1. May I ask for the angle, rounded to the nearest 10°, between helix 69-84 and the longest principal axis of the chain, with both axes built from Cα atoms and the value confined to 0 to 90°?
2. So what is the calculated 222 nm ellipticity per residue for the chain, using -39500 (n - 2.57) for each DSSP H run with n of 4 or more, over all residues, to the nearest 500 deg cm²/dmol?
3. Please say if the chain is rounded, prolate or oblate, where rounded means a/c under 1.5 for a ≥ b ≥ c the square roots of the C-alpha gyration tensor eigenvalues, and otherwise the choice is prolate for a/b larger than b/c and oblate otherwise?
4. Just to verify a number: FRET efficiency for THR33 and VAL90, C-beta to C-beta distance, R0 = 25 Å, to 0.05?
5. Once you put a point 7 Å from the Cα of SER132 and another 7 Å from the Cα of GLU55, both along the Cβ direction, what distance in nm separates them?
Amino acid sequence: MIRPPDSPAVPATRAYGEVAVGDVLPDLAIPVTRTLIVATALASRDYQDVHHDPELARERGSKDVFMNILTSNGLVDRYVTGWAGPAAVVKAIRIRLGAPNHPGDTMVLTGTVTAKSDADHGVDIAVKGTNSLGAHVTGTVSVRLPGEATS
């Protein structure tokens with residue numbers, strides 16, 4: 001494929017053979033802004049007031065609005081697929097929420113390859129997203145990688 005000189009390169013997808021149990025993914029810091037919380041709640045059709053109305057969120061016991069689980073799930077997906085590459089196929093995301101993500105904080109996503117399956121080129125990645133309050137999200141993402149690197 002010939003690409004114009006000013007177009008961005010498509011990142012390569014990791015090959016199954018390039019990945020080993022114990023590999024550590026690079027950290028990804030995500031600034032948690034009020035706009036991110038509100039816009040992603042609305043985009044995922046989650047109209048619960050605790051995700052967009054600070055006064056009502058406080059009345060319900062929170063210090064401010066907080067991120068919804070659909071956004072957290074999407075950010076975990078983005079983190080793993082950003083590492084794995086565009087030809088990786090996400091097979092499952094299993095997460096649990098902990099400390100809320102409030103505006104003004106930063107969530108740092110970390111991950112480690114915990115298992116591989118030669119039968120289907122499956123890779124499991126343990127993922128954790130932490131903020132100043134502790135662990136916001138923890139879980140496992142299962143992906144299928146191609147046998148050879150793609151670009």
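1. Approximately 20 degrees, to the nearest ten.
2. Theoretical 222 nm ellipticity from helices: -6500 deg cm²/dmol.
3. Here the chain falls in the prolate category.
4. For R0 = 25 Å, the calculated efficiency reads 0.45.
5. Taking the simple label geometry, SER132 and GLU55 are separated by 2.5 nm.
We did not get these values from a lab; they are worked out from the coordinates using the rules stated. Being a predicted model, the structure only gives us computed values, none of them experimental. Positions of Cβ are generated from backbone atoms using ideal geometry, with glycine treated the same way; all protein chains shown enter the neighbour counts.
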